[in-house]
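S.K.: Below is a structure I'd like to ask you about.
Each reported figure results from applying straightforward, stated rules to the coordinates on display, with no laboratory input. In this text the structure is predicted, and so the values were computed from the model without any measurement. Reconstructed Cβ throughout: ideal geometry from the backbone, glycine too, with neighbour counts over all protein chains shown.
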Amino acid sequence: MAKKSKKLSKQPEQVYQFKFAQVGIVPQIWRRVHLPPDYTFGDLHLAIQATMGWDDYHLHEFKVPNPRTGVLQRIGDSSEEIDDFYGTSALSEDKAKIADYFSPENKLAVYTYDFGDDLQVKVRFERVLPAKEGVKYPVCTAGKRAAIPEDSGGVWGYEELLEILKDSEHEDYEGTLEWLGVEFDPEHFDPKEVVFP
């Protein structure tokens, strides 16, 4: 079951602008998002899930340089399965604040979702902006293309899926359409359709 992000008790004075871009796919699939600086990496995870249209039922983690040491830090939900794989524990995403990691000098992180399909999203901190009065944050302001659907086999599987969709005579065409939903359009994305938890 997906967890909920925190409800803001007051309007933030500033917001962090991020760009989320799926790794390994051309043309690029991306989103631009404004988040309150008191958000944790757990909240950042939920924002990525919302903008990509994913359902949060796979394991995930972030890798981000520690701003004090420069060493890559693993941040995620505490999972024995992930810890056993790496042999080390990840920092709790519910305790690590984005403001403690992202800055003009420390802009990048990589978010991995579904270790089988290896869906990776480059998280780029772009800038700090003044919050707009009356705007409910977080907010998605822009983006391009539908995200790679969950359980489609990662980038390679998605590229194969797109080839099937181009050929209505393909033996897997009808089954693929049924699995994706008839309305799936790989080029469609509307930031107004993003609903944050």
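S.K.: Any idea what angle helix 154-165 forms with the longest principal axis of the chain, computed on alpha-carbon atoms, 0 to 90 degrees, nearest 10?
M.R.: That works out to roughly 40 degrees.
S.K.: Spelling out what I want: for every residue of the range 50-56, take phi, set θ = phi - 60°, compute 6.51 cos²θ - 1.76 cosθ + 1.60 (Karplus), and round to whole Hz; glycine and proline get x.
M.R.: 5, 6, 8, x, 8, 9, 6
S.K.: Sticking with this one: Round to a whole angstrom and tell me the spacing of the C-alpha centers of the range 86-124 and the range 12-79.
M.R.: Rounded to whole Å, the Cα centres lie 6 Å apart.
S.K.: Can you pick out the pairs among 63/107; 95/144; 97/192; 10/97 whose Cα atoms lie more than 21 Å from each other?
M.R.: Beyond 21 Å: 95/144; 97/192.
S.K.: Using 0.36 nm per residue, how much length does the chain from residue 126 to residue 92 gain when fully extended, once their Cα-Cα distance is taken away?
M.R.: Extra length available between residue 126 and residue 92 comes to 9.8 nm.
S.K.: So how much slack lies between residue 177 and residue 151, counting 0.36 nm per residue of separation and subtracting their Cα-Cα distance, in nm?
M.R.: Net length gain for the segment: 7.9 nm.
S.K.: Restricting attention to the range 89-197, which GluC sites (Glu not before Pro) occupy a DSSP loop and are surrounded by at most 10 other Cβ atoms within 10 Å?
M.R.: Counting only loop positions with at most 10 other Cβ atoms within 10 Å, the GluC sites (Glu not before Pro) in the range 89-197 are 105, 133, 169, 171, 183, 187.
S.K.: Name the residue, out of 148, 25, 98, whose mean-square fluctuation peaks in a Gaussian network model built on the chain with Cα pairs under 10 Å.
M.R.: 25
S.K.: Quick one: compute the contact order of the chain, relative version, from alpha carbon pairs under 8 angstrom and 6+ residues apart, as a percent.
M.R.: The value is 28 percent.
S.K.: Nearest 500 deg cm²/dmol is fine: what mean residue ellipticity at 222 nm does the chain get from its DSSP H runs of n ≥ 4 alone, each adding -39,500 (n - 2.57), divided by its residue count?
M.R.: Result for the chain: -6000 deg cm²/dmol, rounded to the nearest 500.
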